[in-house]
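Beneath this line is the structure, given in structure tokens, with notes to follow.
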Amino acid sequence: MELNETPRYIQVHTDDNVAIVVNAKGLPEGTVFDSGLTLKSYVPQGHKVALRDIGESEPIIRYGVTIGYAVSPIEKGTWIKESLVQLPEPPQLDELPIATNVPEALPPLEGYTFEGYLNDDGSVGTKNILGIVTSVQCVVGVLQFAVKRIKAELLPKYPNVDDVVMLNHSYGCGVAINAPEAVIPIRTLQNLATHPNFGGQAMFVGLGCEKLQPDRLTQNGDTSGIVSLQEHQGFLDMVRVIMEMAEQHLIALNQRKRVTCPVSGLVVGMQCGGSDAFSGVTANPAVGYATDLLVRAGATVLFSEVTEVRDAVHLLTPRAANEHVGRALIREMKWYDDYLRRGDADRSANPSPGNKKGGLANVVEKSLGSVAKSGSSPIVGVLAPGEKASQAGQPGLLFAATPASDFVCGTLQLASGMNVHVFTTGRGTPYGLAMAPVIKVATRTSLAQQWADLIDINAGRIATGDATIEDVGWEIFRFILDAASGRKKPWADHWGLHNDLALFNPAPLT
């Protein structure tokens, strides 16, 4: 602890019998808080301390909810390590209340717009990109060579085009293409190809003999934008044909101009990665506040990550707008339970070592913090992995079912039409996506200071009392509008930090 720094902890709910330490370097044994609580040992930042004596098998309560049970007696002032917390049973999916506490719609938020690229289908782009979709991994080497030349020789001629992005993946051949669950990676690629930032100008590069033929990825089986490498006379001819087709698409994309669009043109994906114990009290609640602002302004907002929702699903099904939405939410939870069971895994595989180092004892505690990103609006729709947000039929708050993996979740949210991404982190990650701006929000001031040229918004100010959840929520909302308009560039785009796409493929390989 710094000299003269006041010891601080955060107790989220009055019923909580634990709190987390705020001070950046943790607090030593013997530290006395203003409440009179005295630490029995050193406690790192973000880790839990017992606010009272907790008997063996008694509940350990955070967020007003039981996150586990004491493995042995815990004395007041003790550091509650992961080993002291027994994981509780998950909520029983067949016993959940559905649409029993649907929130009242918040008043509309009017007067906000952004500058986007309006597409013929009514969707709106936040970037102007030439997207090139591969149907099979075999073509990636040739395409990478061609795209390097496209960026060097062609892109400078078309200043209104932001970038050329390859949608590379490991799917397409050597796979059970007709297996029932193959619908997920195929649907994902089909919907990625129609992303609003591509302006209807996506290209496709295939080999020719793959199981996933490229015309299956195009709209209505159109073959005019496909290059099939086996039809051409050697490497240089392949590159020439790719570049010639790319230039025709660049000419069309260069005509796109930003126009003033209503906020209903935004599809904003909310995600957390490298989470810590502050995620659920700083960044995620602030994102949840921004979620409500976006919904009030007419946007579509996606929250995801099934394994980080599963243990808090009993808090979400009552918010479902109707019985159909609630049943769909339960359907996705059940599907993932079965998926994990087939792989001889369960929810205890989450959280990660870094999450635990940041103070998260188990997936229940992580889930309670994760769902804070959903704000307080009614849940109006549920998307299976890779489904388009437009399939929900209305704007508002949607649950888009995805794994918790950062890269897989981001890929699936892009397939759902996400055109702005908000990513909260406590441990830190330089994660970024080429297809949409990624706004990174730190849970801790110390991380925001350490990574000043990677973090866009510091929500750690909430923990220190220098800002409120509402303050940071509005900051996130305004940053979203600026990033969507091209007025402000998140750090990931500034540095060109763009992770590879990662398809979710639960189907067999052959």
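Observations, loosely collected:
- For peptides 292-304, 134-146, 440-452, sequence by mean Cβ density within 10 Å, most packed first: 292-304, 440-452, 134-146
- Rh by Kirkwood over Cα pairs, then Stokes-Einstein D for the range 254-386 at 0.890 mPa s and 25 °C, µm²/s: 153 µm²/s
- From phi via Karplus (6.51, -1.76, 1.60), per-residue ³J(HN,Hα) for the range 71-83 in Hz, x at Gly/Pro: 5, 8, x, 10, 7, 3, x, 8, 5, 8, 7, 3, 5
- Ranked by the mean number of other Cβ atoms within 10 Å per residue, highest first, peptides 395-406, 490-501, 58-69, 340-351 order as 395-406, 58-69, 490-501, 340-351.
- Size of electric dipole in the chain: Cβ of Lys, Arg +1 and of Asp, Glu -1, about Cα centre, debye, nearest 20: 700 debye
- A simple charge model with +1 on the Cβ of Lys and Arg, -1 on the Cβ of Asp and Glu and nothing else charged puts the dipole of the range 266-495 at about 120 debye relative to its Cα centre.
- Diagonalising the gyration tensor over the Cα atoms of the range 361-510 and scaling each eigenvalue by 5 before taking the square root yields semi-axes of 25, 19, 17 Å, largest first.
- Radius 14 Å from Cβ of residue 448, net charge of other residues (Lys, Arg +1; Asp, Glu -1): -1
- Across the chain, the longest piece that holds none of the GluC sites (Glu not before Pro) lying in DSSP loops with up to 16 other C-beta atoms within 10 Å covers 111-510.
- Taking the convex hull of Cα positions in the range 266-495, its mean projected area over all directions (nm²): 11.3 nm²
- Across the chain, the convex hull enclosing all Cα atoms gives 148 Å³ per residue.
- Each 10 Å bin from zero holds the following percent of Cα-Cα pairs in the range 26-72: 24, 48, 29.
- Sorting 168-178, 417-427 by average packing, meaning the other beta carbons within 10 Å per residue, from highest down gives 417-427, 168-178.
- Listed values for the range 406-421 are Karplus-derived 3J(HN,Hα) couplings in whole Hz (6.51 cos²θ - 1.76 cosθ + 1.60, θ = phi - 60°), namely 3, 6, 5, 4, x, 4, 5, 5, 4, 4, 6, x, 4, 10, 9, 10, and x replaces Gly and Pro.
- Label positions at residue 173 and residue 450, each projected 7 Å from the Cα along the C-beta direction, are separated by 4.4 nm.
- Sum of side-chain charges, residue 59 neighbourhood, beta-carbon under 11 Å (Lys, Arg +1; Asp, Glu -1): -2
- Sum of -39500 (n - 2.57) over DSSP H runs of 4+, divided by residues of the chain (222 nm, nearest 500): -7500 deg cm²/dmol
- Neighbours of residue 36, meaning other residues whose beta-carbon lies under 12 angstrom from its beta-carbon, give a summed charge of +1 when Lys and Arg score +1 and Asp and Glu score -1.
- 17 Å Cα cut-off, lysine pairs counted over the range 266-495 (separation 8 or more, or different chains): 5
Every read-out reported here was derived from the displayed coordinates using simple, explicitly stated rules and does not represent laboratory data. In this text, all values refer to a predicted model and were calculated from it rather than measured experimentally. Don't worry about glycine lacking a Cβ; one is built from the backbone with ideal geometry, like all the others, and counts go over all protein chains shown.
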